[in-house]
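The values are calculated or read from the model by the stated rules, or taken from the named source; none is laboratory data. Note that this is a predicted model, so its numbers are computed, not measured. All Cβ positions, glycine included, derive from the backbone under ideal geometry; neighbour counts span all protein chains shown. Accessible surface areas use protein heavy atoms only, side chains included; no ligands, DNA or RNA. Shrake-Rupley method; radii C 1.70, N 1.55, O 1.52, S 1.80 Å.
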Amino acid sequence: MDALETTATEAPPLVAIVGRPNVGKSTLFNRLTGSRRAIVGDEPGITRDRIYGTAEWQGRVFAVVDTGGMVPDDEATIPSAIFQQARAAIDEAALLLFVVDVRQGPTPLDEELASRLRETGKRIFVVANKAESAKLDADALEFTRWGFDEVIPVSAEHGQGFGDMLEAIADRVEMAETASAPEREINVAIVGRPNVGKSSLVNKLVGAERVIVSPIAGTTRDAVDTEIESDGHRYRLIDTAGIRRKGKTELMAEKLSVVMARRHLERADVAIVLVDAVEGPTGSDATIAGYADAAGCSTIIAVNKWDLVPDKETGTPAAFERRLREVMKFLDYAPVVFISALTGQRVTRLLEIAARANEARRSRVPTSELNQFFERHLAQPRATLPGNQQLKVRYITQARIAPPTFVLFTNAKKAKLHFSYQRYVENRLRESYDFFATPIRVVGRGKER
Ligand code: GDP
């Protein structure tokens, strides 16, 4: 069935962000939802719509609505206006996040909003934003006198306190299973040296697939993304304008491609690293691919201009792949696809692979399975470590997805795992589960803490 047409059986609960101007509502919203923004009705001349998104916490989701920006600026300081505009969202919401600025303390406008919000009878958390120090954390206590359900100091800008806040939300709100949430778009970064065919690939994709929204302003000031749909999945091609930008000289182009790659990879779920089939894999290709791995993106290596390679001369794809693996040893998990951005050969296939990689990247191994994995592979101390070190692993847990990150609790004094052991665990994980095209992180936790 087409994933986009599936109707959710279990609608995610709604959390509404309210508060006076400049307390950081949209920053909070952006950090909570990442790029999982559903409706952005912000075009000039159109009635400003409410902005909805979805947030995810430990495989469960809730919907978020940002009530900021709903009030014309000149009325944004009138409590009744803020309240009236947010009313519909408040009525629907299972929980209100009442955002305040901890550095300013409670202002008269906050006080008045507080009493109006209290009258709704809704569950309310005070989110004390801009708490970027221990002192400011403590200052947040001042807001407890309103008597709302929770006061949570956070920094929407830097992310501190988000774990606590999400946990508190999860405690009070019945979240929906991720499976029933609308699929979010897959952020794809197309990276590579100058002239490998990045722009050509973008043009081909945009020409061949259905463009949903084009272009969408990105998070950085001059980045412009394009969203396309293919086979029921939505892909956001990161900074399509930037991809088309060329350096004036060869050296500048080369440098620009590296700078752009790093920037694009930061926002990506999946990286498509383009390599030129005629020039073969080069050191710069390896450098750029290395950034993809470091950024924790799922990575696909696409050998472009395959149409220019006469089979007889250069040999088979297997030979090319061997050379490629030689220069990119660290990327042994990345699949290699031979494409032509010019003829369109396997270009749509590339997207299917990206979707599969994105799914693998977000997978979570159930605790029961991980316990079995532990018994099978980790319970016995391994004597093969250097220096006669006897490492005893006490247990393993998957701390994160995207990329999947596993923490091993050990008896060692140092938290840091030996490289060879890290590799051993990673290999066993790869054999046991499908982490297609995706880097895995394995980190240790020692005794002293
Ligand atoms: P970018 O700098 O990575 O964006 O590279 P461009 O997309 O501008 O491509 C550089 C040159 O390679 C252009 O002349 C393209 O027409 C050509 N090119 C790109 N992809 C292919 C391909 O698959 N086959 C062939 N034969 N030429 C290609």
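A few notes on this one:
- Among the residues of the stretch 326-339, those identified as assigned to a helix (DSSP H, G or I) and in contact with a helix residue (DSSP H, G or I) (Cβ under 8 Å, 6 or more places away or on another chain) are Val327, Phe330, Leu331.
- Test: residue in the stretch 123-130 that is open to solvent by 10 Å² or more (accessible area, probe 1.4 Å), part of a loop (DSSP other than H, G, I, E, B) and at pLDDT 90 or above: yes
- Condition met for Thr219 (in contact with a helix residue (DSSP H, G or I) (Cβ under 9 Å, 6 or more places away or on another chain), at pLDDT below 95 and not charged (D, E, K, R)): yes
- Of all residues in the stretch 275-291, exactly one satisfies the criterion of being away from the ligand (no atom under 15 Å from the Cβ) and touching a residue at least 60 places away in the same chain (Cβ under 8 Å), namely Tyr291.
- Subset tally (residues that are over 30 Å from Val188 (Cβ atoms) and touching a residue at least 24 places away in the same chain (Cβ under 8 Å)) for the stretch 361-370: 1
- For the stretch 338-369, a residue qualifies if it is hydrophobic (A, V, I, L, M, F, W, C) and more than 21 Å from Gly296 (Cβ to Cβ), and the qualifying residues are Phe338, Ile339, Ala341, Leu342, Val347.
- Leu342 aliphatic (A, V, I, L, M) and out of contact with any helix residue (DSSP H, G or I) (no Cβ under 7 Å at 6 or more places or on another chain): no
- Long-range neighbours under 7 Å by Cβ, at least six apart or interchain, first residue in the same structural domain as Ala334 (by TED's automatic domain parsing) and touching a residue at least 24 places away in the same chain (Cβ under 8 Å) within the stretch 257-269, second assigned to a loop (DSSP other than H, G, I, E, B) and open to solvent by less than 10 Å² (accessible area, probe 1.4 Å): His264/Ile238; His264/Asp239; Leu265/Cys297; Arg267/Ile238; Ala268/Ile238; Ala268/Cys297; Asp269/Cys297
- Any chance Ala170 is assigned to a helix (DSSP H, G or I), touching a strand residue (DSSP E or B) at 6+ places or on another chain (Cβ under 8 Å) and more than 17 Å from Leu95 (Cα to Cα): no
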